[in-house]
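K.L.:
Before anything else, here's the structure in question.
Taken together, the values in this text are just the output of simple stated rules run on the coordinates, not laboratory data. The shown structure was predicted, so the numbers you read here are calculated from the model rather than taken from an experiment. All Cβ positions, even for glycine, are placed from backbone atoms using ideal geometry, and neighbour counts span all protein chains on display.
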Amino acid sequence: MLMKSIEMNIRMIQNPMGVSLTFFVLLAASWTFMPLLGLFGTFFLLLVPVICNYVAYNRLFNKSLYGEEAGVYAALPLSGRDIVLGKVFAMMLWETAAWPIFLLGIIGSYLYSDLGLIRMGIDSLLTELVYRGVSPLTIGLLIGVSTVALAFYSFLSGVYMLWFRFALKKFTPKLSKKVKGFFNVLLACLVLGIIRLGTEYFVQGIWNLGVALFLILAAVHILLGIAAWKMYRASVAYFETGYSPM
């Protein structure tokens, strides 16, 4: 049933995520062929995918489990594992698909940008990385593992969204009654965003530590991995024993 669950959840969010991927293609094309538009239109071209992602998150982690579609979803013969992995893998697939398009846009703009504005920005970033002691080989390795890292963060975000939804209801029932529907998704994303930004600023603050930086990064991701595994186990247990669409 796991594959059917993944397929069902992919179809559930295919419209907003399809629009999101389309705008990523437009963004990549604008960076490559219309760099001036890419420079000033990036905000708009990224805003639409962000909105689409919120709509998909709301449909995937809120409406189908606790909204008007929850009754039908709860009646399906799905195990807790099928529910959790079905939703998490569906989101991972869409989000991971956008990353190669984004990278191709960056590469295209760097190679073919006539005005050189985006190329100057990339050159500035690479110069800053080298100045901080990051070797070109390390930069290449970081780019190479970026897709794996994105999939990891997508998995972390998925299980976090499931865990946050029922944890809010379980541990803070009064707050859960006040924060419903789409605002629940916004609150969850806000908390996750603060954690992510805090981690990134912490890493930037210790950037000059050289090899020690990678040890700290490894420790941070190990802790995030443990947290993701704990949230995954808690989510599976919840949907196996305590799930209620009400």
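K.L.:
Ranking Glu95, Glu69 by Cβ neighbours within 10 Å, fewest first, what do you get?
P.N.:
Glu69, Glu95
K.L.:
Local charge sum around Val88 (other residues, Cβ-Cβ under 12 Å, Lys/Arg +1, Asp/Glu -1)? Before the final figure, lay out the partial values.
P.N.:
On the way: positive: Arg81, Lys87; negative: Asp82, Glu95.
Charge balance near Val88 sits at 0.
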